[in-house]
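Here is the structure we will look at.
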Amino acid sequence: MLITGLIITNLLGLGIVLSISQQLKWTEILGLMFPAGIGVQTFMMVCLDFVGIPLTATTVIIGSILLIGALSACLYHRRNRLKEWIAPKKTGSYPKINWLWVLSLVAITIVCVMNIAKTMYYSTFDTDSVRGFNLIGMAVAHEGTIKNLSLYTGANFQPMTHNLYMTYTPLAQLGYAYLYMLGAETSKIFNALIFISFIFSFYGVTSRFATRTLTALTTFFVIITPEMLGFSSMSGTNFTHALYASLAILYFIAWYYKKNPSFLWLAAALLMLNNWTRNEGLAFIGAAVCVLCWESITVTKQYKKLILFTALCLFPFIFWQIFLKVNHLEIAQLIIFKPYWDSEKASLIGREMWILFKSSTFYGFTFIAFLLVLLSNVWHIFKKSDHLVTIILILLSWLFYTIMVYQIDYVWDSLDNVMKYSYKRFMFSFVPLLWFYVAAGKNINLIFEKIDDFIWSSKKKKVK
Amino acid sequence: MKKNGQQRKSKPVKKEKQPVVSDNKQKQSSASSWWSKAFGLRSMAVAIVLGLLLYQGVSTSASYQWVWNNLLKGNWTYIWANRKASLEERNQRKLGFDYIYLSHIKKNTPEDAIILFPLRTHITEQKGDQKLSNNVISKNWATHFLYPRTVLYKDEKDTNPLYGKVTHIAIVAGHGYEDVEYDVQQKYAFTVIPKTR
């Protein structure tokens, strides 16, 4: 049952990904299948619950099969484009094995296998998941409902004390619920599949901008980022969110620089799921919308795309808020919408952020590598606007993220604790973006192109 | 971004790196060309030099050392040595006495049980070698391991409407016997017993 359920999730994801874009590499498709499939399935679960259909393995699987059928019909209409995509392409072969690339892939595989072993060995043990995400997953699977869940509506639980997790958008919780419905002993296979998906998709999208050696090396450095690797084997939502948020921004960048419209809609789909995973995903939507808005005003002078993109990205978040309101599952508002200035709060955020940035304890070489590549590219940035949009997107997302942290009313914990223990996890979404910039930087790519040329220097010619 | 539409359109799009192919002579390979393809001296030299440089950089960083020694190798060694352990045993090793105690409660109560835990201070102020962690005072945390059973604490006497419907008493460090409505002959420090006979 579990295997069948996971195959259906992946088939659904495959249908979604191929419906959006027929220009993806196989690594990207392998990487996006599960995240897209489980994202849509969890959205469907909320819709089923909204209309009063009980959530069971049968109803979710039947719903998924119907969706796969609809997507297959859609893909059948585009069969000519699919045939072109499936047709074997003349990519040529490499004259010699690039051993640095092979070594990097071997290192990635070793890290991946060891981390997956750790993920699968233990069931959920991290506090946030035990108290929240995994508990909700277990309860939804047992009770077959979200809106009438005993954890939310029972007399034994008080909203502000026990139900803070209720306000979190539900992708991970319902993903775990789906696995429990399928009979899984633990929900950790979700985290293992997300980790594998991240490696494939990050490698795939980065390889559009960098040599394959550089792509493999940066993928390796992303996955060995200490704090991120540690948390990737737990059931918390931060790593899952990092996958959706970072890939969304990377496909947005791919749309901007490669001029492929399908990447914009892939970015929109991933931004929807980023916000369906965690509320703070709004920061990444804000950054992408700002850039698209600028593009619409200064370049295209057309606003239809901007409006559709923004509406799509915000739809799941708004839908979730409506779901909570209609079913009387709201709790006290935690966000301060009114602008204000609290110098003590601002300086505490600044101080703790600086501690995180200057230390390599949590993020390894991430910040130093980004800064070095950024400095080496200053000339290209000012003269040729090289990856200026990438830098703007990273900085805007980070700025919006920090503003959100500042605007939250910390009634359940102190800001000091949030900055010390939570903010470092919030930064996971930026780690892949920073390493992507390292890989896409002009000068470092020139160096690696020279290395590749050196390796294959004798008797080579380009494919025409 | 400052440029107008026409300028942007005319801006050359960065070409994707084209793979290189061997020429025809090389395609008609012999055993020796296969050997040179697989073990090209330059490719191996680059891999060794850059690999060593990266290894040097990574191995001198304390955080990457922690990743390799503790997170990856340490866990792998442990997992491999204990690969035959059941999920129950793995959870016991990870969560310690908390898991052993809560599993005992789960095994000895029906799914619809309403379990009363002692005052939270009695849980946090336990003494001795065998004691529960402070995680157990979190209702959500304890519920995770006891679900679908209902968990409540003595602190909720005046606030929780389920208090009068308690079916079982969780005994923590000897606390809780005062809520049992019959005489208990054999008293254990940590156990669960029905509230009424």
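The values are calculated or read from the model by the stated rules, or taken from the named source; none is laboratory data. Predicted model, so just to flag it, every value in this text is computed and none were measured. In this analysis, Cβ positions are derived from the backbone assuming ideal geometry, glycine residues included, and neighbour counts consider all displayed protein chains. These area figures cover heavy atoms from the full protein model, side chains too; ligands, DNA and RNA do not enter into them. Shrake-Rupley method; radii C 1.70, N 1.55, O 1.52, S 1.80 Å.
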inquiry  = Defining a contact as two alpha carbons under 8 Å apart and six or more residues distant in sequence, what relative contact order in percent does chain A show?
reply    = 19
key: Set of aspartates and glutamates with alpha-carbon distance to A:Lys358 below 17 Å, sequence-local pairs under 8 removed   = A:Glu227
ask   = Given A:Lys305/A:Lys383; A:Lys420/B:Lys165; A:Lys25/A:Lys305; A:Lys25/A:Lys384; A:Lys259/A:Lys325, which pairs have Cα atoms separated by over 31 Å?
value = A:Lys420/B:Lys165; A:Lys259/A:Lys325
key: For region B:93-194: relative contact order, % (alpha-carbon pairs under 8 angstrom, 6 or more apart)   = 34
task = Over the whole of A:219-226, what's the average partner chain Cβ count within 10 Å per residue? Rounded to a whole number, please.
result = 3
message = Expected output is a single nm value to one decimal: the length gained when fully extending between A:Lys304 and A:Lys325, i.e. 0.36 nm times separation in residues minus the C-alpha distance. What is it?
response = 4.6 nm
remark   = Expressed as a whole-number percentage, the relative contact order of region A:1-85 with C-alpha contacts under 8 angstrom and at least six residues apart is 38
query = Using a simple spin-label model with points 7 Å from Cα along the Cα→Cβ vector, what separation in nm is obtained for B:Gln56 and B:Ala81?
reply = 3.4
task = Any aspartates and glutamates with Cα under 14 Å of the A:Lys442 Cα? List them, leaving off those in the same chain fewer than 8 positions away.
result = A:Asp386, B:Glu16
key: Cleavage-rule hits, trypsin sites (Lys or Arg not before Pro), region A:285-378, DSSP coil, Cβ neighbours within 10 Å at most 16   = A:Lys301
ask   = Taking the simple approach of a point 7 Å from Cα along Cα-to-Cβ for both B:Lys106 and B:Arg42, what is their distance in nm?
value = 6.0
inquiry  = 5 Å is the cut-off here: which amide hydrogens, built 1.01 Å from N in the peptide plane, fall below it relative to B:Ile169, excluding neighbours closer than 5 in sequence?
reply    = B:Leu116, B:Ile193, B:Lys195
query = What share of the DSSP beta bridges in the protein assembly as shown is antiparallel, in percent to the nearest 5?
reply = 60
query = Chains B and A: how much accessible area gets covered up at their contact, both sides added, probe 1.4 Å, in Å² to the nearest hundred?
reply = 7100
query = So which aspartates and glutamates can A:Lys147 reach, going by Cα to Cα under 18 Å and dropping same-chain residues fewer than 8 places off?
reply = A:Asp49, A:Glu330
request  = Please compute P(r) over all alpha-carbon pairs of region B:46-110, binned at 10 Å starting from zero, and give each bin as a whole-number percent.
outcome  = 18, 27, 23, 17, 10, 5, 1
Computed [θ] at 222 nm, helices only, for the protein assembly as shown once each DSSP H run of length n ≥ 4 contributes -39500 (n - 2.57) = -19000 deg cm²/dmol
ask   = Going down the list B:Lys139/B:Lys187; B:Lys73/B:Lys127; A:Lys338/A:Lys424, which pairs span over 32 Å between their C-alpha atoms?
value = B:Lys73/B:Lys127
Kirkwood-based Rg to Rh ratio, region B:38-81, C-alpha trace = 1.20
note = Taking Cα atoms only, helix A:282-295 is inclined relative to the longest principal axis of chain A by an angle, in degrees rounded to 10, of 50
query = Going by alpha carbons, how many degrees (0 to 90, nearest 10) lie between the helix axis of A:238-258 and the longest principal axis of chain A?
reply = 40
query = Nearest 10 degrees, 0 to 90: what angle lies between the long axis of helix A:134-143 and the longest principal axis of chain A (Cα atoms)?
reply = 60
request  = Quote the Stokes-Einstein diffusion coefficient, in whole µm² s⁻¹, for region A:329-464, based on the Kirkwood radius over alpha carbon pairs, a temperature of 20 °C and a viscosity of 1.002 mPa s.
outcome  = 120
key: Distance between region A:229-286 and region A:303-350 - C-alpha centres, whole angstrom   = 17
ask   = If you stretched the chain out fully between A:Ile403 and A:Leu375, how much longer would it get, using 0.36 nm times the residue separation minus the C-alpha to C-alpha distance?
value = 7.5 nm
request  = For an R0 of 25 angstrom, estimate the FRET efficiency from the Cβ-Cβ distance between A:Ile318 and A:Thr4 and round to the nearest 0.05.
outcome  = 0.15
query = DSSP beta bridges in region B:112-197, what fraction antiparallel, as a percent rounded to 5?
reply = 45
message = If I take R0 = 41 Å and measure r between the Cβ atoms of A:Leu105 and B:Glu89 in this structure, what FRET efficiency does the formula 1/(1 + (r/R0)^6) give, to the nearest 0.05?
response = 0.75
ask   = Which is the longest run of chain A containing none of the GluC sites (Glu not before Pro) found in DSSP loop states (not H, G, I, E, B) with at most 16 other C-beta atoms within 10 Å?
value = A:1-184
key: Rg ratio (alpha-carbon, reference 2.2 N^0.38 Å) - chain A   = 0.98
message = Place a point 7 Å from Cα of A:Asn443 in the direction of its Cβ. Which residues in region A:353-369 have their backbone N less than 17 Å from it?
response = A:367-369
query = Which three lengths, in whole Å and largest first, does region B:88-197 cover when its Cα atoms are put on their principal axes?
reply = 36, 28, 24
